[in-house]
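S.K.: One structure follows; several queries about it will come next.
The values are calculated or read from the model by the stated rules, or taken from the named source; none is laboratory data. Since this is a predicted model, take the numbers as computed values, not measurements. No Cβ is skipped: glycine too gets one built from the backbone with ideal geometry, and neighbour counts run over all protein chains shown. Surface accessibility is based on the protein's heavy atoms, side chains included, excluding ligands, DNA and RNA. Shrake-Rupley method; radii C 1.70, N 1.55, O 1.52, S 1.80 Å.
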Amino acid sequence: RIQAHLIARHYRRPTHVIPNVITPVARPDADHGPRLIYVGRLDDQQKNVSGAIALLDHPDNPFGTLHVFGDGPDRALVEAHAANARHITVHCHGWIARDCLPAVLGRGDVLVMNSRWEGEPMIVRELAAAGIPAVAPDIPGFRGLLQRRSRFNDQQSLLTLLKRLHAERTTDQVRHAEGSSH
C-alpha cells in the first residue's frame, strides 16, 4: 500500500495494489571483508547511483569499495562517476541473474541505496533476510523498512552510519573467524 500511495502521488495516476513476494536469498558463505554493494537498476533519475558514488567518495568513508550489480539507461554515467572517484574503488559488474546473486555476496556486505523516491524496494527485504544490512536516504519508501539508525539525510549522516556498520561488520568477521578456527 505504501508503494501504491507513493507511485500514485508521484505519477498522479490511479494504482492497484498487488502483493509483493520476497525471493529468498541465501546467507552468504564468502568473506570478502567489509564492502558496500548496490543491487538494482542504473537509473539516476530515481535510483541516483551516481549521487551515491559522490557521497561515498570521501576520505572519511571506512569502506574501500563499492560493488555495483545492475544495468540500466544510466550505466555509462555511473561508470564515468566510478572512474572519477578518488577515495573509493567502484566495480561495475553489470546485471546479474537473481540465482547467481548469493555467489557474489559476502558476510561483510552492506547494501547502500540513494534513491530519490521508492515504493517498497524489495532488494532491501531480500538482502535483510540474508543478513545483509542496508543504508538508505530518509524518504518514505525506506521508512517502512529500515530503522531510523539505518537512514541518512546527507553525506555526514551517511558517513556516521558507515563508520558504525564498518565497525560492526569487522567485529562480526573476527568473531566468525575465531569460531571457525576452534
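S.K.: Considering L161, L77, which residue is within 29 Å of Y11 (Cα to Cα), in a helix (DSSP H, G or I), among the hydrophobic types (A, V, I, L, M, F, W, C) and free of Cβ contacts under 8 Å to residues at least 40 places away in the same chain?
M.R.: L77 is the lone residue from the list that is within 29 Å of Y11 (Cα to Cα), in a helix (DSSP H, G or I), among the hydrophobic types (A, V, I, L, M, F, W, C) and free of Cβ contacts under 8 Å to residues at least 40 places away in the same chain.
S.K.: Here's something else I'd like to know. Quick one: A97 ticks every box in (1) out of contact with any Lys or Arg (no Cβ under 8 Å at 6 or more places or on another chain); (2) more than 27 Å from Y11 (Cβ to Cβ); (3) at pLDDT 95 or above except a single one, so which number is it?
M.R.: (3)
S.K.: When you check G40 against the structure, is it touching a Ser or Thr at 6+ places or on another chain (Cβ under 9 Å) and closer than 17 Å to R125 by Cβ, yes or no?
M.R.: So G40 passes the test.
S.K.: For D109, which of the numbered conditions (1) modelled with pLDDT of 95 or more; (2) open to solvent by 50 Å² or more (accessible area, probe 1.4 Å); (3) acidic (D, E); (4) touching a Pro at 6+ places or on another chain (Cβ under 9 Å) fails to hold?
M.R.: Of (1) modelled with pLDDT of 95 or more; (2) open to solvent by 50 Å² or more (accessible area, probe 1.4 Å); (3) acidic (D, E); (4) touching a Pro at 6+ places or on another chain (Cβ under 9 Å), only one is false for D109: (2).
S.K.: Also: Which of (1) closer than 30 Å to Y11 by Cβ; (2) touching a residue at least 24 places away in the same chain (Cβ under 8 Å); (3) open to solvent by 10 Å² or more (accessible area, probe 1.4 Å) is the odd one out, the single condition A85 does not satisfy?
M.R.: Among (1) closer than 30 Å to Y11 by Cβ; (2) touching a residue at least 24 places away in the same chain (Cβ under 8 Å); (3) open to solvent by 10 Å² or more (accessible area, probe 1.4 Å), A85 violates only (1).
S.K.: Look at G72 and say whether it is free of Cβ contacts under 8 Å to residues at least 60 places away in the same chain, assigned to a loop (DSSP other than H, G, I, E, B), surrounded by 12 or more Cβ atoms within 10 Å (Cβ to Cβ) and not acidic (D, E).
M.R.: yes
S.K.: Now for a separate question. If you check D99 against the conditions, is it farther than 20 Å from R151 by Cα and surrounded by fewer than 18 Cβ atoms within 10 Å (Cβ to Cβ)?
M.R.: So D99 fits the description; yes.
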